[in-house]
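Let me begin by presenting the structure, written as structure tokens, before commenting on it.
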Amino acid sequence: MIGLIIKLILTFGSLAYTVYLFGEGSYIWGSFMILITAFFGLFLFRNQNIILAALQMRQQNLEKAQKHLSRIDPRFLFKRQKAYYFYLLALASQQEVKMSQTESMLRKALNIGLKRNHDQAMAKINIAAVCMQTGRRREAETLLSEAKKLDTKGLLGDYIKTMKKQMGRATSRNQIRMAQMNKGKKVASKKMR
């Protein structure tokens, strides 16, 4: 909250000083202050930790991405920033948290509203992977078909194809339930006499 207040003070202070400089007739310094005001305004609507976390995710450095995301309090983010916060947090912490937590964070990001279609497609693909691992095959199929529709540029086409191939090998809910009932033991079939 304090960071947001400081950003607001800096943005409006630099805007007021820019207006003052133009009023005094100092157009060169006023033009320079327009750039500074735009810089402060950019970081008012874009959280720098989300930007840094996204850069670390591109470099496959998940620990630093989580470090940047841990500095953020999502209550003080704007709607789109909050969606990308949950999206990046789910992708960065996929290996360390439960699948249900990852799924809930990705669903929360989708409900809040991810802006780009390929981000929505990637979130749906990851939710489909969780659904496949938990035995919800139909939901996984619908999510993959929705992801295919959202992937207009075809960047995720190979990934979707491999997910559909894995879906044929995935265990069904019935198989999971049978394994739980048998406590993981293989049941030997009785020979008929």
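The values are calculated or read from the model by the stated rules, or taken from the named source; none is laboratory data. Quick caveat, the model's predicted, so the values are computed rather than measured. Note: ideal-geometry Cβ built from the backbone for every residue, glycine included; neighbour counts use all protein chains shown. Note: areas computed on protein heavy atoms with side chains; ligands, DNA, RNA excluded. Shrake-Rupley method; radii C 1.70, N 1.55, O 1.52, S 1.80 Å.
Accessible surface comparison of T134, T102, probe 1.4 Å, protein chains only, largest first: the order is T134, T102. Remark: C-alpha extents of the range 27-125 on the principal axes read 57, 26, 25 Å, sorted largest to smallest.
When the surface is traced with a 1.4 Å probe over the full set of protein chains, I72 keeps roughly 20 Å² accessible. Taking the C-alpha atoms only, the angle from helix 157-169 to the longest principal axis of the chain is near 30 degrees.
Heavy-atom accessible area, probed at 1.4 angstrom with all protein chains present, ranks F40, F86 as F40, F86, highest first.
Angle, helix 2-24 long axis vs. longest principal axis of the chain, Cα atoms, 0 to 90°, nearest 10? Long axis of 2-24 versus the principal axis of the chain: about 30 degrees. For K165, the aspartates and glutamates whose Cα comes closer than 15 Å to its Cα, not counting residues fewer than 8 places off in the same chain, are E141.
Given Cβ point charges of +1 (Lys, Arg) and -1 (Asp, Glu) and nothing else, what value in debye, to the nearest 20, does the dipole of the chain about its Cα centre take?
Values: 34 positive and 11 negative charges, 396 e Å.
Computed charge dipole of the chain: roughly 1900 debye.
In this structure, the pairs whose alpha-carbon distance is over 23 Å, taken from K67/K148; K82/K124; K64/K153; K79/K108; K108/K148, are K67/K148; K64/K153. Between V97, V130, V19, the GNM of the chain built on Cα springs shorter than 10 angstrom shows V19 fluctuating the most. A dipole drawn for the chain from +1 and -1 charges on Cβ atoms has a positive end, and of G113, V130, Y27 the residue lying farthest that way is V130. Using Cα atoms only, what is the angle between the long axis of helix 117-133 and the major principal axis of the chain, expressed in degrees (0 to 90) to the nearest 10? With both axes taken from Cα atoms, the answer is about 30 degrees.
With all pairs of different C-alpha atoms in the average, the Kirkwood value for the hydrodynamic radius of the range 98-155 is 11.3 Å. Annotation: per residue accessible area for the range 61-156 equals 56 Å², rounded to a whole number [probe 1.4 Å, protein chains only].
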